[in-house]
Amino acid sequence: MECSFGITGKGYTIIASDSNAARSIVKMKTDEDKQKVLSDHLVMTYSGESGDTLQFSEYIERNLRLYGIRNHVELRPRAAASWIRAQIADSLRTRNAYQVNLLLGGFDLPTSEPALYWVDYLGTLATVPFAAHGYGAFFALSTLDRYHRPDMSLEEGLDLLRRCINELKTRFIVDLGTFKVRVVDREGVREVKL
Amino acid sequence: MLGLQPGSSTVVPTSAPVGHRFEPYDSNGGSIAAVCGKDFCIIASDTRQSTGYSIQTRYKPKVFRLNDKATLATNGFAADAEAMVSRIRQRLEWYRHSHGRSMPLHAIARMISTILYGKRFFPYYVYNILGGLDEEGKGAVYSFDPVGSYEREFCRAAGAAQSLIQPFLDNQIMFKNQHSTPEHTVPKPGEMSLPDVLKIVMDSFTSATERHIEVGDGLEMFVVRTPPSAQGEAIGAASVDLKAMGGVEAVGGEDEQEEGAVMVIRRELKKD
Amino acid sequence: MSDITTLNGGSCIAFKGKNCVAIACDLRLGNQALTVACNRDKVFKITDKTYLGMTGLASDVDTLRSAFRYRLNMYRMKEEREIEPETFAHLVSSTLYEKRFGPYFIEPIIAGLNSNNEPFIAAADLIGCLNFAKDFVVTGTASDKLFGMAEGLWEPDLGPEELFESISQALLGALERDALSGWGAIVRVITPDKVIERTLQSRQD
């Protein structure tokens with residue numbers, strides 16, 4: 001029932017994820033942050049098997065931090081995405097693979113381009129203008145197909161995200177509560193309220 | 001010995017019940033296709049009948065002449081097809097006795113649909129394609145699923161090599177993905193001449209034979225058209241000399257046949 | 001259902017021509033019936049005149065792409081020359097066979113011109129059994145449809161433009177009858193002096 005979205009626009013990427021922590025049919029927590037800020041210009045949402053998500057996302061977070069400390073430069077979004085994908089792909093052929101689905105939203109300073117990557121637990125990496133994981137994908141992708149433009153302003157981008165979340169509120173049986181939203185642009189990562 | 005040992009109290013079973021289940025269906029391979037033109041229709045099939053990797057026969061017709069204006073191609077389970085065709089023929093004969101004329105094509109199509117749906121819960125495992133001429137004398141193709149859902153079309157392939165033949169027909173008969181240019185106009189679907197359609201049908205089956213193990217041995221192409229004798233001077237499809245292409249009168253059906261109305265052209269296909 | 005070779009969908013085809021070869025693929029990346037992206041090129045440049053197409057599990061396509069990049073760089077450094085398409089086909093085969101009992105779920109096709117500018121195409125199954133065809137090779141979820149189209153449209157000794165037209169028609173025809181492939185296509189025609197790359201528009205359903 002977890003759900004996350006990513007939308008790129010003119011000079012920014014929006015990343016959003018629901019904030020429910022559920023065990024079976026029970027809602028344990030409604031203010032869970034299912035995102036990790038991996039560097040100044042990179043955010044990751046994670047969903048999937050609950051133990052795996054935290055273990056994996058912290059592994060990614062610490063290793064990218066280590067890379068930054070060692071090399072005095074952060075990995076660019078594309079490079080980070082490739083490395084993260086490789087970690088999932090390597091784990092896939094082990095006895096207990098990480099069952100995590102990710103969205104990576106970033107801003108690539110050298111090219112001044114926003115970046116968004118869709119990664120699933122099989123290690124499938126897709127470069128996309130907008131993305132969704134979980135049941136939300138079935139509800140929101142058609143809305144995103146219809147209204148997304150690559151040159152959208154931030155306000156238009158957030159409006160589009162609101163439309164998607166509103167679609168879930170009206171048509172999805174589960175109440176996903178509030179969404180945690182972060183924006184990545186030239187200035188870095190910041191949280192925004194919808 | 002009944003499995004009882006002297007001094008032992010345990011019963012050792014000596015036989016277990018053997019279960020047999022009747023499998024009412026088989027799949028007999030092969031492929032069928034039909035294409036219609038302005039004033040004709042071609043209904044074709046290969047003649048191989050197989051089960052699994054075994055070829056039962058290299059010549060088993062799957063296309064049946066119903067009357068001067070209707071021909072039916074069947075594919076799937078041959079025994080069901082045979083039973084179904086005899087039921088259809090019987091119904092066509094009854095129709096002639098009570099109405100004094102052959103059943104028109106659109107009525108045959110609806111009748112086949114109801115016959116198939118009548119066995120909705122123990123279906124004839126048969127994919128049908130009905131080809132012929134409608135009441136205006138135009139070529140027509142009706143395709144069916146095994147439980148009677150049907151549709152009139154310009155062309156249709158079914159059977160083992162449906163996935164090989166249908167996209168080819170989409171391209172060559174429906175002109176899909178072809179666009180007109182100032183130098184070359186793409187014709188509308190269903191306006192191709194009889195000899196051109198025959199060539200495409202033959203190519204479809206030679207291609208399918210090349211790449212599908214269940215297709216091959218022989219090809220039968222039934223041509224339904226307004227018979228040349230019915231016209232003052234032969235025009236359109238009627239003017240094509242099918243006899244020169246090896247065409248012979250098709251037999252079967254409940255009506256008295258008019259010469260040249262339904263002819264069949266046979267060709268060899270690879271036998272490996 | 002839950003077959004990982006058809007999970008992501010996608011198809012590739014290669015035609016041999018006269019002094020040229022063509023290789024083409026669709027652009028869809030899906031997750032069962034859900035389309036995730038429509039910019040997924042499945043054909044990769046190996047050398048200036050050799051291209052590799054891979055269909056199957058998208059994750060393994062990515063993994064193998066970097067595996068081949070590594071092996072090709074090693075080959076270039078050791079041999080100080082570019083790899084021949086036929087040699088590359090054997091490299092693909094042995095790379096796949098290394099994982100004989102836990103395979104990568106992809107089926108590759110290779111198209112290229114060798115150093116004498118002779119056309120070469122090949123295909124392999126997921127464990128690297130090579131097929132050196134003299135006419136065309138196909139792979140992916142629309143492979144049966146591609147076989148039907150190619151068997152009907154291919155003819156020997158086509159020039160670059162005719163080859164482009166027939167491979168495009170073969171691919172587009174097959175894509176329209178496959179629910180797991182489509183959303184556009186890319187065709188590359190490799191000739192001795194240039195590679196003609198064209199993106200095709202196709203139905204968006």
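Choose one of C:G128, C:L146, C:L171: the residue whose Cα lies farthest towards the positive end of the charge dipole of segment C:4-200 (beta-carbon charges +1 Lys, Arg; -1 Asp, Glu; about the Cα centre). So the residue we want is C:G128. Between B:T185 and B:S239, take the C-beta separation as r, use R0 = 30 Å, and let me know the FRET efficiency to the nearest 0.05. Once rounded, the FRET efficiency stands at 0.80. Give the longest segment of chain B that steers clear of trypsin sites (Lys or Arg not before Pro) in DSSP loops with at most 12 neighbouring Cβ atoms within 10 Å, not counting the sites themselves. It works out to B:121-269. In this calculation the C-beta distance from C:D135 to A:R171 is compared with R0 = 51 Å, giving a FRET efficiency of 0.50. Inter-chain neighbour count for C:170-177: the average number of beta-carbon atoms from partner chains within 10 Å of each residue's beta-carbon is 5. Which loop-located GluC sites (Glu not before Pro) does segment C:149-186 contain, where loop means any DSSP state but H, G, I, E or B and the Cβ has at most 16 other Cβ atoms within 10 Å? Loop-located and lightly packed - none at all. For chain A, the square roots of the Cα gyration tensor eigenvalues, ordered a ≥ b ≥ c, give a/c of at least 1.5 with a/b no greater than b/c, which places it in the oblate category.
Label segment C:4-200 by shape, choosing from rounded, prolate and oblate, from the square roots a ≥ b ≥ c of the eigenvalues of the Cα gyration tensor; if a/c is under 1.5 it is rounded, and otherwise prolate applies when a/b is larger than b/c, oblate when it is not.
oblate
Packing, taken as the mean count of other beta carbons within 10 Å per residue, orders the peptides B:139-147, B:72-80, C:142-150 from highest to lowest as C:142-150, B:72-80, B:139-147.
Dipole magnitude for the protein assembly as shown: about 1500 debye, using +1 per Lys or Arg Cβ and -1 per Asp or Glu Cβ, origin at the Cα centre.
Sparse packing (at most 16 other Cβ atoms within 10 Å of the Cβ) combined with a DSSP loop state is found for the following trypsin sites (Lys or Arg not before Pro) in segment A:8-48: A:K10.
Does segment A:85-194 classify as rounded, prolate or oblate by the C-alpha gyration tensor (a ≥ b ≥ c root eigenvalues; a/c under 1.5 gives rounded; else a/b over b/c gives prolate, otherwise oblate)? Don't skip to the answer; put the middle values down first.
Details: a/c = 1.95, a/b = 1.21, b/c = 1.62.
Taking the square roots of the gyration eigenvalues as a ≥ b ≥ c, segment A:85-194 is oblate.
The loop-placed trypsin sites (Lys or Arg not before Pro) in segment C:9-95, going by DSSP, that have at most 15 neighbouring Cβ atoms within 10 Å of their Cβ come out as C:K18, C:R81. Taking chain A as a Gaussian network, where each spring joins two C-alpha atoms under 10 Å apart, which residue of A:G134, A:G123, A:G157 fluctuates the most? Comparing A:G134, A:G123, A:G157 in the GNM, the peak value goes to A:G134.
Along the axis of the charge dipole computed for chain B (Cβ charges of +1 for Lys and Arg, -1 for Asp and Glu, origin at the Cα centre), the listed residues B:H184, B:S54, B:M263 are led at the positive end by B:S54.
Positive contributions from Lys and Arg (+1) and negative ones from Asp and Glu (-1), summed over other residues with Cβ under 10 Å from the Cβ of B:I265, come out at +2. Along the axis of the charge dipole computed for chain B (Cβ charges of +1 for Lys and Arg, -1 for Asp and Glu, origin at the Cα centre), the listed residues B:F154, B:M202, B:F77 are led at the positive end by B:F77. Entry note, segment C:4-200: relative contact order of 31 percent, from Cα contacts under 8 Å with a spacing of 6+ residues. With only the Cα atoms considered, the protein assembly as shown has a convex hull volume of 274 Å³ per residue.
Here segment C:4-200 is treated with +1 on each Lys and Arg Cβ and -1 on each Asp and Glu Cβ, and its dipole about the Cα centre works out to around 600 debye. With the simple spin-label model, which puts each label point 7 Å out from Cα in the Cβ direction, the A:E61 to C:H90 separation comes to 5.1 nm.
Note that segment B:238-244 has calculated 3J(HN,Hα) couplings of 5, 7, 6, 7, 5, 4, 5 Hz, one per residue in order, obtained from phi through the Karplus relation 6.51 cos²θ - 1.76 cosθ + 1.60 (θ = phi - 60°); glycine and proline are x. Within chain B, the longest segment free of exposed loop sites, counting GluC sites (Glu not before Pro) that fall outside DSSP classes H, G, I, E and B and have at most 13 other Cβ atoms within 10 Å, spans B:1-134. Under a Gaussian network description of chain B, with springs only between Cα atoms under 10 Å, the residue in B:V85, B:V186, B:V18 that fluctuates furthest is B:V18. With θ taken as phi - 60° and the Karplus curve 6.51 cos²θ - 1.76 cosθ + 1.60 applied, the whole-hertz 3J(HN,Hα) list for segment C:46-62 is 9, 10, 4, 10, 10, 10, 10, x, 10, 10, x, 6, 4, 4, 5, 4, 5 Hz, x standing for glycine and proline. Taking chain B, the Cys residues with no second Cys beta-carbon under 4.7 angstrom are B:C155. For the options A:A131, A:A16, A:A80, a Gaussian network treatment of chain A with springs between C-alpha atoms closer than 10 Å singles out A:A80 as fluctuating the most.
Every number in this text was worked out from the coordinates using simple rules, so none of it is lab data. Everything numeric in this text was worked out from a predicted model, so none of it was measured. Backbone-built Cβ (ideal geometry, glycine too); neighbour counts: all protein chains shown.
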